[in-house]
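The values are calculated or read from the model by the stated rules, or taken from the named source; none is laboratory data. All values reported here derive from a predicted model rather than from experimental measurement. Backbone-built Cβ (ideal geometry, glycine too); neighbour counts: all protein chains shown. Accessible surface areas use protein heavy atoms only, side chains included; no ligands, DNA or RNA. Shrake-Rupley method; radii C 1.70, N 1.55, O 1.52, S 1.80 Å.
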Amino acid sequence: MSGVSADSREPLVGVLALQGDFAAHARMLAALGAAVREVRVPADVTGLDGLVIPGGESTTMTLGIAREGLGDPLRELAGAGVPLLGTCAGLIMLDRDHLGILDVTAHRNAFGRQIRSFEADLELTGITHPGTPLRAVFIRAPWVADHGSAVQILASVDDHIVAVRQANVIAVSFHPEITGDDRVHAAFLDLVRARLNGAAG
Ligand code: GLN
């Protein structure tokens, strides 16, 4: 891990817990040294240093966000520069047609019925070192069909974009929480800690 100063506090990372596999994200973040809070209502967003939007079912998650009034608090969190990580359905939630936090349009279930689920070895710019790909598990995954110029492409599969970063927001089409490989979460926590250390200094 990069230089964490001795006096920096443990980051508080929220995991959107309306639906989906939030528990696996919480376990991985806790193992990497974060304090974790499950987020279900707007009050849970207050004071977060980072937020993960997990995979699951984007239609159900959209309804939950609307029901709980979480859209504005989540947009304000991202707008304040707090790092966000969206995975699979979480990538869809971040796009132009949902929360509007990322300047991308996601295509749901993009890999089609024939290959609903598959695995691929991916090199992710800024996250994996060259020659040490990450085993990525895709489950009815979206891809990024269109994106603005502020969006950096981190990885593609067959020329389809499956991982992006835009400023403080990382989004991936796959499920980094279900393998033992914690490099996506570690890169996200590096952003969280860098921001905390910057704010403290
Ligand atoms: N296909 C799901 C959706 O559109 C996403 C799948 C996932 O998160 N594993 O919401």
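Checked against (1) farther than 16 Å from residue 22 by Cβ; (2) hydrophobic (A, V, I, L, M, F, W, C); (3) touching a Phe, Trp or Tyr at 6+ places or on another chain (Cβ under 7 Å), residue 77 passes all but a single condition, namely (3). Of everything in the range 93-141 that is among the hydroxyl-bearing types (Ser, Thr, Tyr) and either assigned to a loop (DSSP other than H, G, I, E, B) or farther than 22 Å from residue 152 by Cβ (or both), the residue that is farthest from the ligand (Cβ to nearest atom) is 132.
Can you name the residue in the range 5-31 that is surrounded by fewer than 16 Cβ atoms within 10 Å (Cβ to Cβ) and in a loop (DSSP other than H, G, I, E, B) and is also modelled with the highest pLDDT among such residues? Step by step, filter the range 5-31, then rank; the result is 10.
Number of residues in the range 143-160 that are closer than 22 Å to residue 100 by Cβ and either among the charged types (D, E, K, R) or open to solvent by less than 20 Å² (accessible area, probe 1.4 Å) (or both) equals 5.
Taking residues in the range 52-66 that are open to solvent by less than 50 Å² (accessible area, probe 1.4 Å), and partners anywhere that are near the ligand (Cβ under 9 Å from one of its atoms) and in a loop (DSSP other than H, G, I, E, B), the pairs with Cβ atoms closer than 6 Å and at least 6 places apart or on different chains are 54/20; 54/21; 55/20; 55/21; 55/88; 55/175; 56/20. I'd like to know if the range 126-142 contains one or more residues that are buried (at least 22 other Cβ atoms within 10 Å of the Cβ), at pLDDT 95 or above and within 19 Å of residue 26 (Cβ to Cβ). Looking for residues that are buried (at least 22 other Cβ atoms within 10 Å of the Cβ), at pLDDT 95 or above and within 19 Å of residue 26 (Cβ to Cβ), one finds none in the range 126-142, hence no. Out of 60, 87, one residue alone is within 16 Å of the ligand (Cβ to nearest atom) and either under 17 Å from the mean Cα position of the chain (by Cα) or small (Gly, Ala, Ser) (or both). It is 87. Selection of first residues in the range 159-170 that are closer than 14 Å to residue 192 by Cβ and of second residues that are among the aromatic types (Phe, Trp, Tyr), restricted to Cβ pairs under 9 Å at least 6 apart or on distinct chains, gives the following pairs, ordered by first then second residue: 170/188. Answer with yes or no whether residue 77 is assigned to a loop (DSSP other than H, G, I, E, B) and at pLDDT 95 or above. The answer is no for residue 77.
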